[in-house]
1. Looking at the chain from every direction and averaging, what is the projected area of its Cα convex hull in nm²?
2. Only counting other Cβ atoms within 10 Å, I'd like Thr145, Thr302, Thr187, Thr69 sorted with the fewest neighbours first.
3. With springs connecting C-alpha atoms under 10 Å apart, model the chain as a Gaussian network and identify which of Pro267, Pro122, Pro165 has the largest mean-square fluctuation.
4. Which parts of the stretch 98-127 would a label at Thr303 reach, counting a residue when its backbone N lies under 19 Å from a point 7 Å out along Cα-to-Cβ?
5. Looking at the stretch 5-214, what % of its DSSP beta bridges pair antiparallel, to the nearest 5?
6. In deg cm²/dmol and to the nearest 500, what is the mean residue ellipticity at 222 nm of the chain if only DSSP H runs of at least 4 residues count, each as -39500 (n - 2.57), divided by the residue total?
7. Just to check, using Stokes-Einstein with a Kirkwood Rh over alpha carbon pairs, what's the diffusion coefficient of the stretch 113-219 at 37 °C and 0.692 mPa s in µm²/s?
8. Quick one: net charge around Ala287, please, counting Lys, Arg +1 and Asp, Glu -1 for every other residue with C-beta under 13 Å from its C-beta.
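We did not get these values from a lab; they are worked out from the coordinates using the rules stated. Please read all numbers here as calculations on a predicted model, not as lab measurements. Neighbour counts are summed over all protein chains in view; Cβ atoms, including those assigned to glycine, are modelled from backbone coordinates with ideal geometry.
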Amino acid sequence: MPAGTALVVRTSGATGRARGVVLGHAALQAAVAASIDRLDAADARWLGVLPLHHIAGLLVLLRARATRTPTTLHDRFDVAAIAAETDATHIALVPTMLHRLLDHGVDVGRFDRILLGGAVPPVGLLERALAAGAHVTVSYGMTETAGGCVYDGRPLDGVAVAVDPDGRVLVRGDVLADGYRTDRGVTPLRDATGWFRTSDVGRFDGDRLVITGRADDVVVSGGVNVPTATVVDVLQRHAGVAAAAVVGVDDTEWGQRVVAFVVAADPAAPPSPEVLRDHVRSIVDAAWVPREVRYLAALPRTTLGKIDGAVLRSEATRAG
């Protein structure tokens, strides 16, 4: 291990096999200091509900240690337990957790700040939260960047972000990990100029970074590139859809076929596959329309609330 190594933290594994990320003391200290400064959180009392074996949950503890302020930890996410808390001023959540708090009428406005990360918030979630009085900061980052390194589209102090010609998001700064742990040592993640090329795709809206998807969120079907994030967005605009996910699976005729998984808003009366396919066709290119639509009671998620694409692809392959 490199000198100064503090931790090896596994990635979430939402898109495949988890990897061990080697994080140094300097990277963690830089991430914690920049986060506290941006949030003006020197006196924050954090409520920890995220798993401590993930970087976002771990950072709750590290911020509290840095500021020497009290922290309350829950051993799991529990809506009633969060609603009963009265002392905490700050909480870190993933979108699924915030969605559940809103659904149960929890007073999210009593937190001085909700740090929301782990995934791009779905359509309408931020509007619901703001209407409920929540003070939300949307965080972008990953284990390799020692957690969130961009808040509300703007990099933290000491962090630089760029978008390459292919749309791939690049990150540089002291928050970067040393690399990935392997049987042969540590594989560096930075290039020769110090940039880390993420698997995320984005663009700039003025001076704000907007994440639009992942580089692997493209299904090539019949020679056509199908952006799955766009298809998901279109599906979720349908009133009969509560949640959706789209994956690609191998197909002898098309190379890959587009498969949609849908959670119906009303499980007793779900929109038919034909209705949903027609809905997608009315908005985007016909080649992007899912060849299959399947229904689930809930989308599979990792412990951090991310949609587990690996599970969905496995399910699509078995059922196909």
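1. Working: hull surface 71.7 nm².
Answer in nm², one decimal: 17.9.
2. Thr187, Thr69, Thr302, Thr145
3. Pro165
4. 98, 117-119
5. Details: 32 of 44 bridges.
Roughly 75 percent of the DSSP beta bridges within the stretch 5-214 come out antiparallel.
6. On the way: 8 runs with 79 residues, N = 320.
About -7000 deg cm²/dmol.
7. Numbers: Rh = 15.0 Å.
Rounded, D is 219 µm²/s.
8. Values: positive: Arg257, Arg277, Arg281, Arg291; negative: Asp285.
With Lys, Arg at +1 and Asp, Glu at -1, the net is +3.
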